Amino acid sequence: MGAKAVFCSNIRCLATRILVAVLLYVMGCAGGFCASSAPQSPVFSASHIISPIPGTWGNRQPLLVDVPDGWEVYYSITDSDPLLFGFAYDGPSLLEKDGDVHLKVTAMDRTGRRYDFTVDYTVKSYSQLGMHDGWNAAQRKFIVSISMNPIRKYTAGTVLSIPEGFSYAASAASSIDGMKYFKGGLLSLGGESSVVRYVPFVVTDGQEYFRFIVRTVPARESFDDAALLPFSLSDWETILPNDASYVYRLDDGPWQGKLSALYVDRGETHVLFWKKESEADDSKAESLVFYPKPSLGCRLRDDGTCAFFLNLPFPHLEGYRLGRPVSPSFPSLKQLSSPEGLHEKLVMDAFPGEDLSGSFTCGVYLNGLYQGNLCTEYHLDRLPPAAPKIVPADVDFRVLGDGREVRLESEEGARLFYAASGGLPLEDGHPLEAGISLNDGQNLPGGQSSGTLPPDLEFTGLEGNSFILPAQQGHACLYRVYAYAVDSAGNRGEPSELSVVVGGRNIYVDAGLSRNGESGNGSWESPFSSFERAVEAANLNGFSVLHIQGTVPVQSSVVLAKSCSIVGSSGVLSFSADAVFCIDHADVAITDCSLVKDGSGEDGFITVQDGSLSCESCDISASFEKEGCLVRLRTASFSALSSSFSAYSSSYSALIDSCASQVRLSSSTCALSSYTAVAFCMVDSDFSLEKSLASVSCYTGRIAELSGGSFRLVGNFFTGFLRAEGLLGAVQAVRTGGGARQVLFESNRTRGFKE
């Protein structure tokens, strides 16, 4: 494929070239078109220069120009005039120059009018490739191969291997940035592919770029060839005798000779006869039937390939074949051409990542005689759609459900398929602590995702534009969602993948994760930064679970009016001095959480009205300026396990003040400090205290005052630090009033109280 040098080696030849150029210039100016001011040719433009294109390349570049019929192309890489000191383009060739290259291309039409183009690009030497030390053996071998020979022959049905770790684009785009890249791998065309194409490829490791040309050839050769006859056909309708020793007759017309042309109407069937002029016997004449002119069609087949075929009613197609046009521009000067030989049909395939469209021209032969050219439009789409975007629906704290909607976004007309793996229940706490990333895998270059799909995934076609991921038994779950798109041409795109948390009826609070003062939406990914917002969300829904992470300040009073659970994961709710916590007609369970109130203000902390509160592994404490009660119960229920309760005030304080309620504490610690202190004040309430420690530090006070209801105190240790003179050891730890239905006081120990 070496270029044909046209540089004149002697002065006489050079003078001739200069004279021709001057004459062409004068003719152009006389016609009103100077070379310097001539408009762009309607049939030759910069887009016909397929390679090279601007950019910085890691290998020497191939030259590929798609030359229209009747045009001549010249080029130069020495900054000289291509027409005078350059090379004539006669097919793809290697431009053997490194560094900054200034390519000049001149195209000339049939009238001699010239059109000039330039392409500037840079070629790095191999020693300048910064990443070559990081390539593996297969990558290095591949780069060396295309650097030595960037014009590769490919046979249909075989494999073109681009090493993994590289990305490729098969595109004639004029800019690196305008190309869409895909992961390297094994590429192939169908074995029936027969159209000859020159396909430009760009390969990159993300930093260095390499460009090479692939020439596709059919897997099987055709042994049918054009017939050698004493005449030829021009433009379908004109029969041109080539041998003066023959005479010709069309249908029943007279014999003609002397190389006179015959016109044939290709809308009908005709018969041409010919014989030697010296032959008198008409029965020895040879004949050829000219059937009507067919049309060229293009059909997209089920396997995605394009089949070019002739359209004509049977039996007129008999003897018709497709082949190369009779033109010096075929095939070496064409980016797309018919293969050698004659064929009933031609098949064109494309590599994954190509999207081809345009006009295909081929020659038509009848019984081996060239008839003319036919042209048809084609569109062959092997460009996979972009990986879909996976968009979990925003969490609306006003309406919590048992699942989460996930929307898929892709190009218009694509069919979408999805799968989800996992549904892994998540432990309490925020995913960032567990090292879980929720935004990986769907925003990679080219829309591709990372990694390999799990082998057991079952994809489902998407109905509508979204689907629901369910929560599991009320727990928040982590799913790995995968999705891919299939376009109208049947191309399957690379999958996207994204981690999605389905919070269900879980509400998350973490003041440490607030962004720019925003409180989030209560989801795992974007938790509320305030407990007040979480309570608002809980009150708008049915049963929910509030997760507290870190220390969350509570600046104002809150009222929980819907049943819920509060899970702390060692989190802290820190109430301000004037903030109180009310539970009104709701059942609330608190686990592994600290509730702290510090400072002056309200005389109460937690109030439960016509509801219930249960605590496990909790720490509830408060300080009051004068008087205060830690937990106040009114026709309510309260239980605690393995928890601690403490309160401080200057005048009077109580841990639990209960009226017409049920109270049960087990394995807990209770401490109270005030001038007057009574840990438990029970009126008409059922009270149970087991295996717990209770102490009061006060001027005067006791552990419990019980009036009405039933009481059960078993296995506890009561301590009193009484500062009133004469009272030390003289006060009972527990005093019961009248109306008690049942009193059980067993296995309790006391210190500082009257036995």
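Within straight cross-link reach of Lys626, meaning Cα distance under 16 Å, which lysines are found once same-chain residues fewer than 8 apart are removed?
Filter leaves Lys597.
Over all distinct alpha-carbon pairs, what is the Kirkwood Rh of segment 654-722 in angstrom?
Taking the inverse mean of 1/r over all distinct Cα pairs, segment 654-722 comes out at 11.8 Å.
Less than 14 Å apart at the alpha-carbon level, and either on another chain or at least 8 residues along: which aspartates and glutamates does that give for Lys276?
Result set, ordered by chain and number: Asp243, Glu286.
What is the antiparallel percent of DSSP beta bridges lying wholly in segment 159-211, to the nearest 5?
100
Using amide H atoms built in the peptide plane, which far-off residues or other-chain residues are under 5 Å from Arg712 H to H?
When sequence neighbours closer than 5 places are left aside, the close amide H contacts are Phe687, Ser688, Leu689, Leu744.
Computing the accessible area with a 1.4 Å probe over protein heavy atoms, can you report the carbon and sulfur percentage for segment 253-341?
53
Taking Cα pairs under 8 Å and at least six residues apart, what relative contact order does segment 88-236 come out at, in percent?
Details: 212 pairs, mean separation 28.9, N = 149.
Over segment 88-236, the number comes to 19 percent.
Can you give the accessible area per residue of segment 117-200, in Å², using a 1.4 Å probe?
So segment 117-200 comes to 47 Å² accessible per residue, rounded to a whole number.
When a/c reaches 1.5 or more, the comparison of a/b and b/c decides; with that in mind, is segment 588-713 rounded, prolate or oblate per its Cα gyration tensor?
Taking the square roots of the gyration eigenvalues as a ≥ b ≥ c, segment 588-713 is rounded.
Is the shape of segment 337-432 best called rounded, prolate or oblate, per the rule: a/c under 1.5 gives rounded, else a/b larger than b/c gives prolate, else oblate, with a ≥ b ≥ c the square roots of the Cα gyration tensor eigenvalues?
Prolate.
Out of residues 5 or more away from Gln371 or on other chains, whose amide H comes under 5 Å of its own, with H placed 1.01 Å from N in the peptide plane?
So Gln371 has HN proximity to Val364, Tyr365, Leu366.
From the square roots a ≥ b ≥ c of the eigenvalues of the alpha-carbon gyration tensor of segment 182-284, which class results: rounded (a/c under 1.5), prolate (a/b over b/c), or oblate?
prolate
Would you mind telling me the share, in percent, of accessible area of segment 609-755 contributed by carbon and sulfur at probe 1.4 angstrom?
C and S fraction of accessible area: 47 percent.
I'd like the projected area of the chain, averaged over all directions, using the convex hull of its alpha carbons. Report it in nm² with one decimal.
Convex hull of Cα atoms, orientation-averaged projection: 51.5 nm².
Short version: ³J(HN,Hα) in whole Hz for each residue of segment 54-59, in order, from phi by Karplus 6.51 cos²θ - 1.76 cosθ + 1.60 (θ = phi - 60°), x for Gly and Pro, what are they?
Listing the rounded values in order: x, x, 10, 10, x, 8 Hz.
If you line up the long axis of helix 137-148 against the longest principal axis of the chain, both from Cα atoms, how many degrees apart are they, to the nearest 10?
Tilt relative to the chain: about 30 degrees.
Any lysines with Cα under 23 Å of the Lys754 Cα? List them, leaving off those in the same chain fewer than 8 positions away.
Lys691
Over segment 105-178, what is the mean sequence separation of C-alpha contacts under 8 Å (at least six apart), divided by residue count, expressed as relative contact order in percent?
17
For Cα pairs less than 8 Å apart in space and 6+ apart in sequence, what is the mean separation divided by the residue count of the chain, i.e. the relative contact order in percent?
About 6 percent, as a whole number.
For the chain, give me the percentage of DSSP beta bridges that are antiparallel, rounded to the nearest 5 percent.
The antiparallel fraction comes to roughly 50 percent.
Quick one: dipole size for the chain, taken about the Cα centre, charges +1 on Lys/Arg Cβ and -1 on Asp/Glu Cβ, in debye to the nearest 20.
Roughly 1080 debye, rounded to the nearest 20.
The values are calculated or read from the model by the stated rules, or taken from the named source; none is laboratory data. The shown structure was predicted, so the numbers you read here are calculated from the model rather than taken from an experiment. Neighbour counts run over all protein chains shown; Cβ positions are idealised from the backbone, glycine included. For accessibility, only protein heavy atoms count, side chains too; no ligands or nucleic acids. Shrake-Rupley method; radii C 1.70, N 1.55, O 1.52, S 1.80 Å.
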